[in-house]
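Written out below as structure tokens is the structure these notes cover.
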Amino acid sequence: MITNQVLQGIADGLKMITRRDFCIYSAEAKVVATTADDILGEYHEQVEFFINSHADSQEMENAHYVKVYDEYLTEYVMSVKGSDEEAYKLGKLGAFQIKNLLSAYKEKFNKENLIKNLLLDNLLLIDIYNRAKKLNIENDVPRVVYVIDNVENAEISSIEIIRNLFPDKNKDFITAIDESSIILVKEVLSKSDEEIQEVANMIYDTLLTEIMTEVSIGVGTVVVDLKDVSNSYKEATMSLEVGKIFDCGTKISTYSKLGVGRIIYQLPITLCKMFIEEVLKGKKIRNFDEETLSTVNKFFENSLNVSETSRQLYIHRNTLVYRLDKLLKTTGLDLREFDDAIVFKITIMVSQYMEYMEQLSVPKM
């Protein structure tokens with residue numbers, strides 16, 4: 001569980017402080033860290049015999065050996081050069097340090113394992129509450145899930161940056177299910193949209209500065225019960241997908257603000273095709289020229305206000321009216337009428353969704 005590099009660091013640190021040589025053996029009596037070449041592999045059989053004995057410590061060949069236990073099983077053996085009382089104490093001290101490190105690693109990975117299984121709905125309800133209680137994870141506190149996407153190509157460890165941003169490991173949990181994304185389960189003070197958005201903005205700005213990459217962030221809704229964290233994760237994941245389809249320029253997508261895009265995303269492709277056929281009568285949105293589509297989008301942005309739209313497009317009011325009339329002849333929809341405008345707006349969004357699904361080549365029935 002603990003890497004050999006970490007164990008070597010412990011041995012080196014102890015030698016620097018005490019000026020004595022240390023060696024750490026695995027449960028198989030193999031050397032995993034040492035500060036002196038003359039200890040390497042010299043006493044393999046003696047160490048193996050010691051591990052299988054009932055003794056907690058033993059003096060052999062001018063060195064003290066102390067077992068490091070993990071739940072009554074020998075995990076490591078710490079040895080220190082010298083046969084005096086101080087060597088014995090230093091061996092015990094080193095073993096104590098490794099045991100504490102084992103406990104810390106175990107708790108960390110147990111919590112991470114619980115959160116991963118919680119996100120993936122791999123746990124029974126009774127298991128969630130029992131394991132959370134053992135790991136001192138509170139149940140009834142407000143939490144929200146953030147999914148940070150597009151971090152796989154970063155030269156700096158993005159997950160470490162996020163952990164530095166949210167160092168409280170008892171309240172905030174950071175994990176990764178795949179190489180391209182990081183998941184943050186964040187405890188929040190309230191269900192305030194401002195607080196949730198502020199956290200998302202901080203993550204985005206920090207990663208943009210540190211790894212020079214524009215990540216995408218999906219934000220779920222706040223849940224109060226631990227068992228509902230998986231729902232917030234699903235919402236955050238959906239927010240990422242819906243954001244990619246309908247809001248290409250938006251890097252932070254919040255589930256509660258997805259609007260009609262959230263509904264369209266869950267429609268069967270067959271139903272979408274029927275709708276497009278009925279509205280456009282065999283045509284597709286991509287068949288319309290760029291000028292028409294940009295005019296329509298700007299018209300929607302300005303709440304169907306002809307004067308404001310023509311001003312922002314730097315065209316005469318009559319030119320805008322001509323373009324809208326041209327669209328009316330083609331589709332039978334007058335975008336100056338609210339109901340027709342809604343139909344065409346939904347048509348554009350459904351078309352975006354269909355094109356996205358076609359690119360992914362994922363049949364959705």
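The Cα atoms of region 217-298 define a convex hull whose projected area, averaged across directions, is 6.8 nm².
In this label model, residue 289 and residue 197 are separated by 3.8 nm, measuring between points 7 Å along each Cα→Cβ vector.
Translational diffusion of region 36-172 was estimated from the Stokes-Einstein equation, with Rh taken as the Kirkwood radius over Cα pairs; at 25 °C and 0.890 mPa s the coefficient is 131 µm²/s. Averaged per residue, region 125-171 has 60 square angstrom of accessible surface, using a 1.4 angstrom probe with ligands and nucleic acids left out. For the chain, the longest principal axis of the C-alpha atoms and the axis of helix 193-211 are separated by about 70°. Note on region 160-216: semi-axes of the ellipsoid equivalent to its C-alpha gyration tensor, largest first and rounded to whole Å, are 19, 15, 11.
In this simple spin-label approximation, residue 307 and residue 228 carry label points 7 Å from Cα along the Cα→Cβ vector, and these lie 4.7 nm apart.
When the Cα positions of 275, 321, 87 are compared along the charge dipole of the chain, 321 comes out farthest toward the positive end, with charges on each C-beta of Lys, Arg, Asp and Glu. When the helices of the chain are scored as -39500 (n - 2.57) per DSSP H run of n ≥ 4 and the total is divided over every residue, the value at 222 nm lands at -17000 deg cm²/dmol.
If I compute solvent accessible area with a 1.4 Å probe over the protein chains, what percent of it on the chain is carbon and sulfur? Let's see the in-between values first.
On the way: 10270 of 20110 Å².
After summing per-atom areas, the C and S share lands at 51 percent.
Relative to the longest principal axis of the Cα atoms of the chain, the long axis of helix 338-360 makes an angle of roughly 40 degrees. Per residue, the convex hull spanned by the Cα atoms of region 66-135 measures out at 90 cubic angstrom. As a rough guide to protection, the peptides 169-179, 142-152 ranked by mean Cβ packing within 10 Å, highest first, stand as 142-152, 169-179. The radius of gyration of the Cα set in region 265-365, together with its Dmax, comes out at 14.6, 46 angstrom. Computed on the chain, with alpha-carbon pairs under 8 angstrom and 6+ residues apart, the relative contact order is 10 percent. Around the Cα centre of region 193-244, unit charges on the Cβ atoms of Lys, Arg, Asp and Glu (plus for the first two, minus for the last two) sum to a dipole of about 300 debye.
In this structure region 224-272 gives 45 Å² per residue of accessible area when probed at 1.4 Å with all protein chains present.
If packing is taken as the average count of other Cβ atoms within 10 Å, what order do 56-69, 330-343 fall into, highest mean first?
Descending packing order for the listed peptides: 56-69, 330-343.
For region 128-267, the Kirkwood radius over C-alpha pairs fed into Stokes-Einstein at 25 °C and 0.890 mPa s yields D = 160 µm² per second. Relative to the Cα centre, the charge distribution of region 132-224, modelled as +1 at Lys and Arg Cβ and -1 at Asp and Glu Cβ, gives a dipole magnitude of about 560 debye.
Please grab the % of Cα pairs in the chain that end up more than 39 Å from each other. All intermediate terms of the calculation are to be shown ahead of the outcome.
Working: 29049 of 66430 pairs.
The calculated P(r) of the chain puts 44 percent of pairs beyond 39 Å.
Relative to the Cα centre, the charge distribution of the chain, modelled as +1 at Lys and Arg Cβ and -1 at Asp and Glu Cβ, gives a dipole magnitude of about 1360 debye.
The values are calculated or read from the model by the stated rules, or taken from the named source; none is laboratory data. If you're wondering where the values come from, they're calculated on a predicted model, not measured in any experiment. As a convention, Cβ positions derive from the backbone with ideal geometry for all residues, glycine included, and neighbour counts pool all protein chains shown. Surface areas here come from the heavy atoms of the whole protein model, side chains and all, with no ligands, DNA or RNA. Shrake-Rupley method; radii C 1.70, N 1.55, O 1.52, S 1.80 Å.
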